[in-house]
Amino acid sequence: MKKNTGAQLALYPAPVIVVGAMVDGKPNWTLVAHAGIMAHSHLMLSMVKAHYTNKGIRENKVVSVNVVDASWLKAADKMGCVSGNKTDKSEAFAYTLGEKGAPMIDEAKVTMECEVEDIYDLQGFDNFICRITGTYVEEDILTEKDKIDYRKFKPVLFQFPTYEYLETGDILGACMKMN
């Protein structure tokens, strides 16, 4: 028997990312757990309007999406606890500028640099519709066909409403081959 628990979002856990953007000439970082796939070429970042990082994304129309793994989770988590409106977070990570100018965290094993194509306003959130322009991956987690090997790279997941982090685990089977 199922119980209707109301209109609540139940698509968790979700990958944890740190979004980077240049704000007033300096990098700024924020922890984001509301990101989604829109196509193979696009993603959406849903960020509370009050985030300082949003200002830089709106102005520059470029952003980095740095996928978090356990090796730098503590530093990533801090980016969700400290506001860029009050604290300079520009030196929180060593970074490299991507081809489009987005700051990319050197420690992240996977980073996507994106251009913002549209912004959808909804209930206090800026929803940035982004086209992926480049994906930067540490070579030691790539397969021979330059695909990310998720047996080696284990992104951290965020679980709501408990506010806990999980690590990806075992492979359960091959998609569309389990019959």
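Bear in mind these aren't lab numbers, they're just calculated from the coordinates by the rules spelled out. Please read all numbers here as calculations on a predicted model, not as lab measurements. A quick note on method: Cβ atoms are made from the backbone with ideal geometry, for glycine too, and the neighbour counts reach across all protein chains shown.
Quickly rank 15-22, 103-110 as a protection proxy: mean count of other C-beta atoms within 10 Å, highest first. If you can, show how the numbers build up before the last one.
On the way: 15-22: 25.1, 103-110: 20.8.
Peptide ranking by packing, descending: 15-22, 103-110.
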ask   = If only Cα atoms are counted, what is the Rg of the range 81-135, and what is its Dmax, in Å?
value = 13.5, 34
message = List the pairs from 89/109; 49/74; 3/177 whose alpha-carbon separation is above 30 Å, in the order I gave them.
response = 3/177
Disulfide-incompatible cysteines by the Cβ rule (no partner under 4.7 Å) in the chain = 81, 175
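Please compute the net charge surrounding residue 107, taking Lys and Arg as +1 and Asp and Glu as -1 over other residues with Cβ under 11 Å from its Cβ. The partial results should precede the final answer.
Numbers: positive: 109; negative: 69, 106, 138.
Neighbourhood net charge equals -2.
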query = What residue among 98, 56, 25 shows peak mean-square fluctuation when the chain is described by a Gaussian network model with Cα springs under 10 Å?
reply = 25
message = With 10 angstrom as the radius, rank 79, 38 by how many other C-beta atoms surround their C-beta, starting from the fewest.
response = 38, 79
request  = Could you compute the FRET efficiency for residue 59 and residue 160, with r as their C-beta to C-beta distance and R0 at 30 Å, rounded to 0.05?
outcome  = 0.50
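Quick one: plug the Kirkwood hydrodynamic radius of the range 14-167 (C-alpha pairs) into Stokes-Einstein at 20 °C, 1.002 mPa s, and report D in µm²/s. Before the final figure, lay out each step's value.
Working: Rh = 15.5 Å.
Once the numbers are plugged in, D ends up at 138 µm²/s.
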query = Among the aspartates and glutamates, which have Cα under 15 Å from the Cα of residue 61 when same-chain residues fewer than 8 positions away are ignored?
reply = 24, 99, 113, 115, 117, 118, 126
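Once you sort the root eigenvalues of the Cα gyration tensor of the range 77-179 as a ≥ b ≥ c, which label holds: rounded (a/c under 1.5), prolate (a/b larger than b/c) or oblate (the other case)? Write down the numbers at each step before the final one.
Details: a/c = 1.56, a/b = 1.36, b/c = 1.14.
Prolate is the answer for the range 77-179, as a/c is 1.5 or above and a/b outweighs b/c.
If Lys and Arg each add +1 and Asp and Glu each add -1, what is the summed charge of the other residues whose beta carbon sits under 11 Å from the beta carbon of residue 158?
Numbers: positive: none; negative: 77, 164.
Net local charge, residue 158 excluded: -2.
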request  = In a Gaussian network model over the chain where Cα atoms closer than 10 Å are linked, find which of 39, 102, 50 has the largest mean-square fluctuation.
outcome  = 39
